Amino acid sequence: MQTKPVFPFTAIVGQEEMKLALLLNVVDPKIGGVMIMGDRGTGKTTTIRALVDILPSIPVVKDDVFNSHPSDPELMSYDVQQKLANHEHLPIVYKKVPMVDLPLGATEDRLCGTIDMEKALVEGIKCFEPGLLAKAHRGLLYVDEVNLLDDHLVDILLDAAASGWNTVEREGISIRHPARFVLIGSGNPEEGELRPQLLDRFGLHTAITTVKDAKLRVKIVEERSCFDRDPEAYLQRWQEAQTQLTNQIVQAQQLLPNVTIAEELQIQISQICAELDIDGLRGDIVTNRAACAHAALRASTVVEMEDIEKVIMMSLRHRLRKDPLSTMDSGERIQQIWGAVRHST
């Protein structure tokens, strides 16, 4: 089946914060996903779909519905773990990183999967029909207009994204499977924000607006027109840049475990979080993780001040809002306190 050409990630003009947030989550999925809020027609969905094309293929156990990793037990289904323990041969194939869309009307069963109770009770067999969380394992799970999604489903999504596991229980029967994915939510702020308690659990938050600069708008329109006229020629023109970015991601993923951040920088991050009166320690943790991922993207094993500057707004902006009726902070407070902390050290 011939796939529809996707606009190349490296050809997307502007929206640098959104692109960086996505790349950081790909380098380190433990950052916790990204919430992208912005006007309609600002390229949110185009950018997210383009991301998949630059991601390196992943090794999976052939015919396994959970995209199990062939050697990492944390990323394996129970059946594959058993086969590995019994020294059975595991055939390996390479496949594209999965990208799963969660429709707004999805039910809990569609998201989590279902257990066939008739087979379980009559035949004593645990027959599990995987849901979207299983299909998204080791990939991306995208929810457009996540702010319109039922809070209960958002809770399930965030729990699975944080723990890396999905548990389905029906009538005393329980099935558990790995569900490690990068959760990407997008929405239009005019249609309402997520509750602060849910928003806080997204690792990063990016706020994107319609481009105002006339020359830049012309550039965006021209690039899109070129792609629509001859997608194959356009993709060929950007192939080298796409390959370079893929290699950069692979290198960053390999480098990440060796990245270190100095204690004085960690203290500065925590000082800022304390002065901003951010609840809990999630802001501290995410800022540290994102700074390390940014350093790895630069092919460096040492976090510098510039890495923190690039990620601190995305890491903390959405954690300032404690009242559901208040508006999102533009980031001025973060910049002011960051500047004060820098100059005091």
Here FRET efficiency (C-beta to C-beta, Glu169 to Ser71, R₀ 51 Å, nearest 0.05) is 0.95
Going residue by residue through segment 222-230, the Karplus relation 6.51 cos²θ - 1.76 cosθ + 1.60 with θ = phi - 60° gives ³J(HN,Hα) values, rounded to whole Hz and with x marking Gly or Pro, of 4, 4, 5, 5, 4, 5, 5, 5, 8
Note on segment 77-204, DSSP bridge orientation, antiparallel percent to nearest 5 equals 50
Once the dipole of the chain is set up from charges on Cβ (+1 Lys and Arg, -1 Asp and Glu), the residue from the list Val302, Thr42, Gln236 lying farthest towards its positive end is Gln236
A chain fully extended from Glu304 to Leu216 at 0.36 nm per residue, minus the present Cα-Cα distance, gains in nm 28.6 nm
Residue span Gln236 to Lys95: 0.36 nm per residue of separation minus Cα-Cα distance leaves a gain in nm of 48.6 nm
Counting only backbone N atoms under 18 Å from a point 7 Å out along Cα-to-Cβ of Leu84, the residues of segment 169-201 in range are 176-181
Loop-resident trypsin sites (Lys or Arg not before Pro) in segment 138-224 with no more than 12 other Cβ atoms inside 10 Å, DSSP not H/G/I/E/B, are Lys212
The simple spin-label model distance between Asp116 and Lys30, using points 7 Å out along Cα→Cβ, in nm, is 3.8
Among trypsin sites (Lys or Arg not before Pro) in segment 1-59, those in a DSSP loop whose Cβ has at most 14 other Cβ atoms within 10 Å are Arg40
Taking N as the residue count of segment 3-46, its alpha carbon Rg divided by 2.2 N^0.38 Å gives 1.25
antiparallel share of DSSP beta bridges within the chain, to nearest 5, in %, is 40
Nearest-0.05 FRET efficiency for Asp279 and Glu145 at R0 = 30 Å, using Cβ-Cβ distance, is 0.70
For segment 110-268, the Debye formula with one identical point scatterer on each Cα and no solvent gives log10 I(q)/I(0) at q = 0.10 Å⁻¹ as -0.65
Scattering profile of segment 271-314 from the Debye formula, Cα beads only, expressed as log10 I(q)/I(0) at q = 0.24 Å⁻¹, is -0.78
Final fewest-first order of His294, His89, His137 on the 10 Å Cβ neighbour count is His89, His294, His137
For segment 71-112 the GluC sites (Glu not before Pro) that pass both the DSSP coil test and the at-most-15 other-Cβ-within-10 Å test are Glu88
Taking only the Cα positions of segment 256-344, the convex hull volume per residue in Å³ is 91
Between Arg333 and Gln251, the FRET efficiency computed from the C-beta separation at R0 = 41 Å comes out, to the nearest 0.05, as 0.70
Helix-only [θ] at 222 nm, the chain, -39500 (n - 2.57) per DSSP H run of 4+, per residue, nearest 500, equals -13500 deg cm²/dmol
Along principal axes, largest first, the alpha-carbon spread of the chain in whole Å comes out as 68, 51, 42
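Coordinate-derived values only; no laboratory data. This is a predicted model, so every value here is computed, not measured. Cβ atoms come from the backbone with ideal geometry, glycine included; neighbour counts cover every protein chain shown.
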